[in-house]
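These notes concern the structure reproduced below.
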Amino acid sequence: MDPDRRSLLTAMLGGIALLGPDAASADAAVQSEPPDPSVYIPKAHLVQDRAFLHAFMDEFSFVDLVTTTPTLRITHIPSVLDRATGAYGTIVGHISAQNDQVKAIRSGARAVVVFRGPHGYVSPGWLTTPAGRNGVPTWNFAVVHATGRLKAIDEPEQKYALLSSLIRKYETAIGGTAYDFAALPKDEVFARAKGIQPFSIEIEALEGKFKLFQERPEPDKAAA
């Protein structure tokens, strides 16, 4: 595991240890458990701190867009999270206009957006307690599921604003380049935008599953 990934996992573990499975940080809203969850989450792995989940979604924003209407479809796309719109935030993104998943967007179908973080195999050979070393291998990982209804974005200026926010986010993430989206002729952008179907999802349920050895003894947690 490279140092950056190890540091990130360590920071997550520290944050979750402080939070605990049933408590929220003093300055963050707490997610309620949805009546129809999209993922199985043991209590020890449940994270409900909304600020923490939003930060995770911002960091790991290349997502799986999952719909089941009219048929099962999964598309892998970059996204942008608007934390301030809606009860739990709003996700925006776009897919190809040729993608059959457009039918789900245009019908206002329910969707699950999966944000995947660091993950990896854990060998009992790395662990230090007798129970750990005599146990079985496992896989640690961090994911957030956001559920809501799709809403098509068709108005040209709204499409332009969505593309601008996506490009600004990812150009900033790489430190910026000489590329200037705002300098492109708008008519040209509007013409190209006919080939995509932008959408938004106002989040109705937010689920955080962080399986990072929170319930294990401290020596095994540190070793993993």
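The values are calculated or read from the model by the stated rules, or taken from the named source; none is laboratory data. Since we're looking at a predicted model, the values are computed, not measured. All Cβ positions, even for glycine, are placed from backbone atoms using ideal geometry, and neighbour counts span all protein chains on display. The protein model used for the area step is the full one, side chains on, heavy atoms only, and it has no ligands, DNA or RNA in it. Shrake-Rupley method; radii C 1.70, N 1.55, O 1.52, S 1.80 Å.
The distance between label points at Ala173 and Val39 comes to 1.7 nm (points 7 Å beyond Cα on the Cα→Cβ vector). Three semi-axes describe the equivalent ellipsoid of segment 139-221; taken as square roots of 5 times the Cα gyration tensor eigenvalues and ordered largest first, they are 38, 20, 8 Å.
Packing-based ranking of 185-193, 107-115 yields 107-115, 185-193, ordered from highest to lowest mean Cβ neighbour count within 10 Å. Rounded to the nearest 10 degrees, what's the angle between the helix 50-59 long axis and the longest principal axis of the chain, both from Cα atoms, 0 to 90? Roughly 70 degrees, rounded to the nearest 10. Modelled spin labels at Glu204 and Ala161, positioned 7 Å past Cα toward Cβ, are 2.4 nm from each other.
If I take every Cα pair under 8 Å that is 6 or more residues apart in the chain, average their sequence separation and divide by the length, what percent do I get for the relative contact order?
Computed value for the chain: 26 percent relative contact order.
Note on Glu59 and His119: the model spin-label points, each 7 Å out from Cα along the C-beta direction, lie 1.7 nm apart. Only one item in (1) 36, 20, 16; (2) 27, 20, 16; (3) 28, 23, 16 matches semi-axes √(5λ) of the Cα gyration tensor in Å derived from the coordinates shown, and that item is (1). In the context of the full set of protein chains, the chain has a per residue accessible area of 53 Å² (1.4 Å probe).
Per-residue ellipticity at 222 nm from helix content only, as computed over the chain with -39500 (n - 2.57) for each DSSP H run of at least four residues, stands at -8500 deg cm²/dmol.
Each 5 Å bin from zero up to the one holding the largest Cα-Cα distance in segment 28-90 carries the following percent of pairs: 4, 13, 19, 24, 24, 13, 3, 0.
Give the carbon-plus-sulfur fraction of the accessible surface of segment 78-204 in %, rounded to a whole number; probe 1.4 Å, heavy atoms of protein chains only. Before the final figure, lay out the partial values.
Details: 3780 of 6700 Å².
Exposed carbon and sulfur together represent 56 percent of the surface.
Among Ile41, Ile91, Ile174, the residue with the largest mean-square fluctuation in a Gaussian network model of the chain, with springs joining Cα atoms closer than 10 Å, is Ile174. Relative protection proxy for 54-61, 196-203, from highest mean packing down: 196-203, 54-61 (other beta-carbon atoms within 10 angstrom). For a paramagnetic label modelled on Lys194 (point 7 Å from Cα along Cα→Cβ), amide N atoms under 15 Å away belong, within segment 76-108, to 97-98.
Remark: segment 61-196 carries a charge dipole of roughly 420 debye about the Cα centre, counting +1 on each Lys and Arg Cβ and -1 on each Asp and Glu Cβ. Once the Cα atoms are used to define both axes, helix 156-173 deviates from the longest principal axis of the chain by about 40 degrees. Largest accessible area first, the residues Leu163, Leu72, Leu65, Leu184 order themselves as Leu72, Leu184, Leu163, Leu65 under a 1.4 Å probe with ligands, DNA and RNA left out.
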